[in-house]
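Below: one structure, written as structure tokens.
The values are calculated or read from the model by the stated rules, or taken from the named source; none is laboratory data. Keep in mind that this is a model prediction, so the values were computed, not measured. Here Cβ is always computed from backbone atoms with ideal geometry, including for glycine, and neighbour counts include all displayed protein chains. Ligands, DNA and RNA are stripped out before the accessible areas are found, and what is left, the full protein with its side chains, is counted by its heavy atoms. Shrake-Rupley method; radii C 1.70, N 1.55, O 1.52, S 1.80 Å.
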Amino acid sequence: MFKDLIWPALMDSHNPDMIPIFSIGEEQNAEDKKKPIPESLPILALKNTVLFPDVIIPITVGRTRSVAAVNEAFESHKLIAVFSQKDINEEVPSEEGLYKVGTVAKIVKVLKMPDGTTTAILQGQQRIKLINLAQAEPFMLGHVETFPISKANSVEFKATISSIKDMAKKIISLSPSIPSEATVMLENIKSDSFLLNFISSNMNISKDDKQQILEITDIVKKADVIIKKVNDELQMVEVKGQIESKVRGDIERQQRDYFLNQQLKTIQEELGQNPHTEQLNELELRAKDKKWPEYAAKHFEKQITKTKRINPQIAEYSVMMNYLELMLDLPWDTYTEDNFDLSKVKDVLDKDHYGLKDVKERILEHLAVLKLKGDMKAPIVLLVGPPGVGKTSLGKSIAKALNRKFIRMSLGGLHDESEIRGHRKTYIGAMPGRILQSIKKSQSSNPVFILDEIDKVGKDFRGDPSSALLEVLDPEQNSTFYDNYLELDYDLSKVMFIATANSLNTIQTALLDRMEVIEIGGYSQEEKVEIAKKHLLPKQLKAHGLKSSDVKLSKKALSKLIKEYTRESGVRSLDRELAGVMRNIAKKKAMNEKYDASLTEEDIVDILGPYKFPPDSFAKINNSGVAIGLAWTRVGGDILFIESSISNGKGKLTLTGNLGDVMKESATTALSFAKANASKLGIDPKAFEEKDIHIHVPQGAIPKDGPSAGITMLSAIVSAFKSKKIKNGIAMSGEITLRGKVLPVGGIKEKVLAAKRSGIKTIILCKMNEKDVKQIDATFIKDMQFIFVENMNEVLENVGLI
């Protein structure tokens, strides 16, 4: 509104801006209005605006007919009819090209401008209507008649006028380019019709909208139309003001920050304290003292030179600074000194871990060669075994024994290849891979690096981390390990990588080929007792604030706790159960209750409740068709009863007990061997056609699979068909073939220890498993007898079936 008090040109042929002139008032124009208007008046056609009654505007006149009309009117009665033309591009408008409603204006003054143009100052007086055009040349002359507007004095009308005036004032206050004097101008207008004409003339609306307002005869209706237009303009001004304020605030903040930064930079330069220069100088000083390969030093120099040319305000500068700091933080040629006192290393390993002879021997062998040769590449060892046997803690113990830094990186659930190789530094939030991050944290290039749970690495659309590990775990390649973020080769050949896994089945073949596999079997009961006495008990006493004199566990009490409250290959559950015992004692001590520090088997039951696992014992076999097998599980070994029964039928074989495909195939193979060798085994061949056989393995809720029950199933089948019992106290494990050969199986240590726990003294195994039995500590199996066989006939002879 008020167009910043500079209206668009209200000109005849050109478009220069003009300065508005405020009318003295309708009252002083009243005398001129009383004078009669001639029936014929010269006509002035306006292109860009509409003249309202009582409003004074200057008009620059350019067209020939318009100049002639102004001169004629000024020289006679000084009255001229002003009409707006419909098409602004029409240079010579016809009668049809003019709006029918216009304003009769008094020519206040005619000015000859220096550029030769004529400017007429017009004051609107009354509305008129064009009846017809009397002449077109040399100027337009038309017959006109007055076209008065109605009057109103109602409360609603007065309220509307007041609202229009208030909104107009608000528009002026929100528009910084409109002078505040415009508010005073509005206050001085007393006539309602003049106020409406003045606001209509100055509103920021189109010429056609103004013409429609001029043509309205009812002043109340006119006020309603104007208030809507003013309200629309007010909303537009408010939104525009909000946008401009926000933009202005952002620009001012940016300019303020820029000027402050420039001032700060100038001050710091005057004082010689530019922080960015100081940071770069500090990095250069660190680089001079850094021990690293020549190619890394050259690359650093190139990158820091590039960083100096970058504006510190842009994002790339911080990316480059992070990269340079990483290069300096990495321990390129920094190595810890190994402890070559092999006796001391052996003592540390023995002190921290009971058993694990093979692993300890391999570490000592590596150190011995390193001591003699000095530059041997570190071995890459894979420790495979059930949970809780100490694979991860062994890595920590090895680092302690070798006097090396220790790093543990869990690979469980890892899916993204960039976790190993890193991201390219062009990406937002890019980081080096976890291998280099861990090396940087350890500040040593020859730590003991545990890759935990390597069998649980995932694979999806983001890449295959197992394939990325191929380079890390290959001694021939890891001397030039390439990280995407670092973009340089890094030597990992001195790092001692130790991977751990629970199973070999899910490890990629190429990855498995690069590692030296060392299997860690489950602990025997005797080993668990020793581990509890030497490691777990002191640890739990310390964790619960107790002294060694507060709790004393006898060997029998520990054995009962292990047998009846845990069922595992490792010692995690044993550790938890011991913690339960310690909490009970700690509560009694804190409450000053009396208790016996020497705990017995009965005390274990009182503290932990009834047993969680029934003691293993084999029931004496009283029926034919029953044989005892040995099974390996994730929590250690177990004994397995194979039951078979014969019934009248047509030779059908039924298998129950939640058996896997391999175990079902073993049963089918055993039955086929028995049919093929029926005469040799003393069985009527017709029995296989006239009898159905049902083989069942108890504990049907537990899935069972594997080939190791083959000889047990054959023994049960032969026993059932011959109605002859198998000798008591014998367990067996081995795979069979259709030729009757007995093949070796795995998990021998766990199976043997399970048999011992159950009180079984005699075990039948394949001849090729003899080497596995020799690896078991002789003190654990001194009372047991092992029978090693090569074919099924030997098995059947030893169980008393042939």
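Just need a number here: residues in the range 326-353 that are touching a helix residue (DSSP H, G or I) at 6+ places or on another chain (Cβ under 8 Å), more than 18 Å from K373 (Cα to Cα) and charged (D, E, K, R). First the steps, then the outcome.
Narrowing the range 326-353 to residues touching a helix residue (DSSP H, G or I) at 6+ places or on another chain (Cβ under 8 Å): 326-332, 338-340, 342, 344-346, 348-350, 352-353.
After this cut, where a residue has to be more than 18 Å from K373 (Cα to Cα) as well, the list is 326-332, 344-346, 348-350, 352-353.
Now narrow it down to the ones that are charged (D, E, K, R): 329, 344, 346, 350, 352.
Within the range 326-353, residues that are touching a helix residue (DSSP H, G or I) at 6+ places or on another chain (Cβ under 8 Å), more than 18 Å from K373 (Cα to Cα) and charged (D, E, K, R) number 5.
Of the conditions (1) more than 20 Å from T600 (Cα to Cα); (2) touching a Phe, Trp or Tyr at 6+ places or on another chain (Cβ under 7 Å); (3) open to solvent by 30 Å² or more (accessible area, probe 1.4 Å), K534 fails just one. Which one is it?
(1)
Report the residue count in the range 444-472 for those that are assigned to a loop (DSSP other than H, G, I, E, B), touching a Phe, Trp or Tyr at 6+ places or on another chain (Cβ under 6 Å) and buried (at least 22 other Cβ atoms within 10 Å of the Cβ).
Narrowing the range 444-472 to residues assigned to a loop (DSSP other than H, G, I, E, B): 444-447, 453, 457-459, 461-462, 464.
Next, only the ones that are touching a Phe, Trp or Tyr at 6+ places or on another chain (Cβ under 6 Å) stay: 445-446.
Right, trim to buried (at least 22 other Cβ atoms within 10 Å of the Cβ) and you get 446.
Counting residues in the range 444-472 that are assigned to a loop (DSSP other than H, G, I, E, B), touching a Phe, Trp or Tyr at 6+ places or on another chain (Cβ under 6 Å) and buried (at least 22 other Cβ atoms within 10 Å of the Cβ) gives 1.
Suppose the filter is open to solvent by less than 60 Å² (accessible area, probe 1.4 Å), in a strand (DSSP E or B), β-branched (V, I, T) and touching an Asp or Glu at 6+ places or on another chain (Cβ under 9 Å); does I695 pass it? Explain how you work it out, then say what you get.
Working: open to solvent by less than 60 Å² (accessible area, probe 1.4 Å): yes; in a strand (DSSP E or B): yes; β-branched (V, I, T): yes; touching an Asp or Glu at 6+ places or on another chain (Cβ under 9 Å): yes.
When the stated conditions are applied, I695 passes them.
Among the residues of the range 427-455, which ones are out of contact with any strand residue (DSSP E or B) (no Cβ under 8 Å at 6 or more places or on another chain) and in contact (Cβ under 8 Å) with a residue 40 or more places away in the chain? Lay out the reasoning, then the answer.
Going through the range 427-455, the residues out of contact with any strand residue (DSSP E or B) (no Cβ under 8 Å at 6 or more places or on another chain) turn out to be 427-433, 437, 440, 443-445.
Within the range 427-455, A430, M431, P432, G433, K440, Q443, S444, S445 meet the criteria.
Of the numbered conditions (1) over 57 Å from the mean Cα position of the chain (by Cα); (2) touching a residue at least 40 places away in the same chain (Cβ under 8 Å), T762 satisfies every one except a single condition; which is it?
(2)
Where residues in the range 546-572 are open to solvent by 30 Å² or more (accessible area, probe 1.4 Å) and either polar (S, T, N, Q) or at pLDDT 90 or above (or both), which of them is nearest to A532 (Cα to Cα)?
S554
Test K756 against the criterion of being assigned to a helix (DSSP H, G or I) and closer than 26 Å to E568 by Cβ, and give yes or no. Outline the logic, then answer.
On the way: assigned to a helix (DSSP H, G or I): yes; closer than 26 Å to E568 by Cβ: yes.
So K756 fits the description; yes.
Working only within the range 313-330, note down all residues that are open to solvent by less than 50 Å² (accessible area, probe 1.4 Å) and part of a loop (DSSP other than H, G, I, E, B).
Correct list: L330 only.
Of all residues in the range 82-113, count the ones that are of a type in the set (S, T, N, Q) and more than 23 Å from H143 (Cβ to Cβ).
From the range 82-113, those of a type in the set (S, T, N, Q) are 84-85, 89, 94, 103; that's our starting set.
If we keep only those that are more than 23 Å from H143 (Cβ to Cβ) too, we end up with 89.
Total satisfying the criteria: 1.
Quick one: which of A674, A716 is part of a helix (DSSP H, G or I) and either open to solvent by 50 Å² or more (accessible area, probe 1.4 Å) or out of contact with any Gly (no Cβ under 8 Å at 6 or more places or on another chain) (or both)? Before you say what the answer is, go through the steps one by one.
Working: A716 fails: either open to solvent by 50 Å² or more (accessible area, probe 1.4 Å) or out of contact with any Gly (no Cβ under 8 Å at 6 or more places or on another chain) (or both).
None of the others qualify; the one that does is A674.
Just checking, which of P312, P331, P293 is out of contact with any Leu (no Cβ under 8 Å at 6 or more places or on another chain), in contact (Cβ under 8 Å) with a residue 12 or more places away in the chain and under 30 Å from D257 (Cβ atoms)?
Working: P331 fails: under 30 Å from D257 (Cβ atoms); P293 fails: under 30 Å from D257 (Cβ atoms).
None of the other options fit; the residue is P312.
Which ones in the range 728-752 are assigned to a helix (DSSP H, G or I) and open to solvent by 10 Å² or more (accessible area, probe 1.4 Å)?
Correct list: K749, E750.
Conditions tested, residue by residue: (1) part of a strand (DSSP E or B); (2) crowded, with 19+ Cβ neighbours inside 10 Å; (3) in contact (Cβ under 8 Å) with a residue 60 or more places away in the chain.
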| site | (1), (2), (3) |
| --- | --- |
| E91 | no, no, yes |
| S94 | no, no, no |
| K109 | yes, no, no |
| I128 | yes, yes, yes |
| H143 | yes, no, yes |
| S150 | no, no, yes |
| K158 | no, no, no |
| I171 | no, yes, yes |
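Just checking, does the range 282-302 include any residue being aliphatic (A, V, I, L, M) and exposed (fewer than 14 other Cβ atoms within 10 Å of the Cβ)?
Going through the range 282-302, the residues aliphatic (A, V, I, L, M) turn out to be 283, 285, 287, 296-297.
After this cut, where a residue has to be exposed (fewer than 14 other Cβ atoms within 10 Å of the Cβ) as well, the list is 285.
Within the range 282-302, one or more residues are aliphatic (A, V, I, L, M) and exposed (fewer than 14 other Cβ atoms within 10 Å of the Cβ).
Do any residues in the range 466-482 that are touching a residue at least 24 places away in the same chain (Cβ under 8 Å) and polar (S, T, N, Q) have Cβ atoms under 7 Å from those of residues that are open to solvent by less than 20 Å² (accessible area, probe 1.4 Å) and not in a loop (DSSP other than H, G, I, E, B), where the two are at least six apart or on different chains, and which pairs are they?
Qualifying pairs under 7 Å: S466/L511.
Any residue that is outside any loop (DSSP other than H, G, I, E, B) and closer than 19 Å to I763 by Cβ - is there at least one of those in the range 661-668? Even if it seems obvious, please write down each step before you answer.
Applying the first criterion (outside any loop (DSSP other than H, G, I, E, B)) to the range 661-668 yields 661-668.
Cutting the leftovers down to closer than 19 Å to I763 by Cβ gives us 666.
Yes, some residue in the range 661-668 is outside any loop (DSSP other than H, G, I, E, B) and closer than 19 Å to I763 by Cβ.
Does the range 57-70 contain at least one residue that is modelled with pLDDT of 85 or more and within 23 Å of N188 (Cβ to Cβ)?
Within the range 57-70 (the criterion being modelled with pLDDT of 85 or more and within 23 Å of N188 (Cβ to Cβ)), the answer is yes, since at least one residue qualifies.
Would you pick out the residues in the range 72-89 that are open to solvent by 30 Å² or more (accessible area, probe 1.4 Å) and of a type in the set (S, T, N, Q)? Break it down into steps so the answer makes sense when it comes.
Just the residues of the range 72-89 that are open to solvent by 30 Å² or more (accessible area, probe 1.4 Å), to begin with: 72, 74-78, 86-89.
The answer is S76, N89.
In the set S666, S672, which member is more than 50 Å from the chain's Cα centre (by Cα) and in contact (Cβ under 8 Å) with a residue 60 or more places away in the chain?
On the way: S666 fails: more than 50 Å from the chain's Cα centre (by Cα).
Unique residue meeting the criteria: S672.
Which condition number does A631 fail, the rest of (1) in a strand (DSSP E or B); (2) at pLDDT 90 or above; (3) within 30 Å of K391 (Cα to Cα) being met?
(2) is the only condition that A631 fails.
Looking only at the range 763-779, decide whether some residue is part of a loop (DSSP other than H, G, I, E, B), modelled with pLDDT under 90 and within 25 Å of P614 (Cα to Cα).
We begin by selecting, within the range 763-779, every residue part of a loop (DSSP other than H, G, I, E, B); these are 775-777.
Checking the rest, the ones that are also modelled with pLDDT under 90 come to 775-777.
Now narrow it down to the ones that are within 25 Å of P614 (Cα to Cα): none.
Within the range 763-779, not a single residue is part of a loop (DSSP other than H, G, I, E, B), modelled with pLDDT under 90 and within 25 Å of P614 (Cα to Cα).
Can you tell me how many residues within the range 349-361 are surrounded by 18 or more Cβ atoms within 10 Å (Cβ to Cβ) and not in a loop (DSSP other than H, G, I, E, B)? Break it down into steps so the answer makes sense when it comes.
Going through the range 349-361, the residues surrounded by 18 or more Cβ atoms within 10 Å (Cβ to Cβ) turn out to be 349, 352-356, 359-360.
Those still in the list that are not in a loop (DSSP other than H, G, I, E, B) too: 349, 352, 359-360.
Qualifying residue count, the range 349-361: 4.
State all residues of the range 779-802 that are within 59 Å of the chain's Cα centre (by Cα) and β-branched (V, I, T); if no residue qualifies, say none.
T779, I781, I787, V789
Of the residues S163, S180, S175, S191, which is of a type outside the set (A, V, I, L, M), open to solvent by less than 30 Å² (accessible area, probe 1.4 Å) and farther than 18 Å from P53 by Cβ? Can you show your working first?
Numbers: S163 fails: open to solvent by less than 30 Å² (accessible area, probe 1.4 Å); S180 fails: open to solvent by less than 30 Å² (accessible area, probe 1.4 Å); S191 fails: farther than 18 Å from P53 by Cβ.
Result: S175 is the single residue among S163, S180, S175, S191 that is of a type outside the set (A, V, I, L, M), open to solvent by less than 30 Å² (accessible area, probe 1.4 Å) and farther than 18 Å from P53 by Cβ.
If I go through the range 587-611 residue by residue, how many of them are part of a helix (DSSP H, G or I), among the aliphatic types (A, V, I, L, M) and open to solvent by 30 Å² or more (accessible area, probe 1.4 Å)?
Keep residues of the range 587-611 that are part of a helix (DSSP H, G or I), which gives 587-590, 601-608.
From the residues that got through so far, the ones that are among the aliphatic types (A, V, I, L, M) too are 590, 604-605, 607-608.
Subsequent filtering for residues that are open to solvent by 30 Å² or more (accessible area, probe 1.4 Å) retains 590, 605, 607-608.
Result for the range 587-611: 4.
Using the structure shown, decide if I702 is free of Cβ contacts under 8 Å to residues at least 60 places away in the same chain and either surrounded by fewer than 21 Cβ atoms within 10 Å (Cβ to Cβ) or outside any strand (DSSP E or B) (or both).
Values: free of Cβ contacts under 8 Å to residues at least 60 places away in the same chain: yes; either surrounded by fewer than 21 Cβ atoms within 10 Å (Cβ to Cβ) or outside any strand (DSSP E or B) (or both): yes.
Spelling it out, I702 is indeed free of Cβ contacts under 8 Å to residues at least 60 places away in the same chain and either surrounded by fewer than 21 Cβ atoms within 10 Å (Cβ to Cβ) or outside any strand (DSSP E or B) (or both).
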